[in-house]
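Engineer: Pasting a structure here, questions to come.
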Amino acid sequence: MHKDVDRSLTGKIGRVTGRIGPGTIGEVMLPVRGGTSAFHAHPFDKTSVFAVGEQVLVIYFEPPQTVFVDELPDVLKADWPSGR
């Protein structure tokens with residue numbers, strides 16, 4: 001049985017504000033509805049670790065406030081302001 005999938009955040013680029021890793025609940029800030037919102041975050045592959053300040057790509061959104069993220073591909077890094 002499949003749940004209805006909400007793809008509204010899939011493909012968004014965010015910045016890690018709370019370390020994301022296996023067995024932990026991290027946090028990522030994402031552009032949403034003309035502003036920025038915090039979401040709980042987990043590594044999509046269940047093994048990766050993302051440090052605070054890293055940019056990540058949303059692979060899957062689980063309403064209401066959880067996303068599964070992966071490393072931002074190099075091709076997207078060129079267009080994303082570093083902010084550092």
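The values are calculated or read from the model by the stated rules, or taken from the named source; none is laboratory data. Computed from a predicted model, the values in this text were never measured in an experiment. Cβ sites come from the backbone with ideal geometry, for glycine too, and all protein chains shown count toward neighbours.
Quick grid of which residues meet (1) among the basic types (Lys, Arg); (2) over 18 Å from Pro73 (Cα atoms); (3) modelled with pLDDT under 95; (4) not in a strand (DSSP E or B):
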{"site": "Gly14", "(1), (2), (3), (4)": "no, no, no, no"}
{"site": "Thr17", "(1), (2), (3), (4)": "no, yes, no, no"}
{"site": "Leu30", "(1), (2), (3), (4)": "no, no, no, no"}
{"site": "Ser37", "(1), (2), (3), (4)": "no, yes, no, no"}
{"site": "Ser48", "(1), (2), (3), (4)": "no, no, no, yes"}
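Engineer: Could you run through the stretch 66-75 and say how many residues are surrounded by fewer than 15 Cβ atoms within 10 Å (Cβ to Cβ) and of a type in the set (A, V, I, L, M)?
Structural biologist: Qualifying residue count, the stretch 66-75: 1.
Engineer: So, in the stretch 13-34, of the ones that are among the basic types (Lys, Arg) and touching a Gly at 6+ places or on another chain (Cβ under 8 Å), which residue ends up surrounded by the fewest Cβ atoms within 10 Å (Cβ to Cβ)?
Structural biologist: Taking the stretch 13-34 and keeping what is among the basic types (Lys, Arg), we get 15, 19, 33.
Then keep just the ones that are touching a Gly at 6+ places or on another chain (Cβ under 8 Å); that gives 15, 19.
Numbers: Arg15: 19, Arg19: 15.
Applying the filter and picking the extreme gives Arg19.
Engineer: Also, quick follow-up: Within the stretch 45-65, how many residues turn out to be surrounded by fewer than 15 Cβ atoms within 10 Å (Cβ to Cβ) and either of a type in the set (Gly, Ala, Ser) or farther than 14 Å from Gly21 by Cα (or both)? Show your work before the answer.
Structural biologist: At the first step, the residues of the stretch 45-65 found to be surrounded by fewer than 15 Cβ atoms within 10 Å (Cβ to Cβ) are 45-47, 49, 51-53, 63-65.
Filter once more, so that each one left must be either of a type in the set (Gly, Ala, Ser) or farther than 14 Å from Gly21 by Cα (or both): 51, 53, 63-65.
So the answer is 5.
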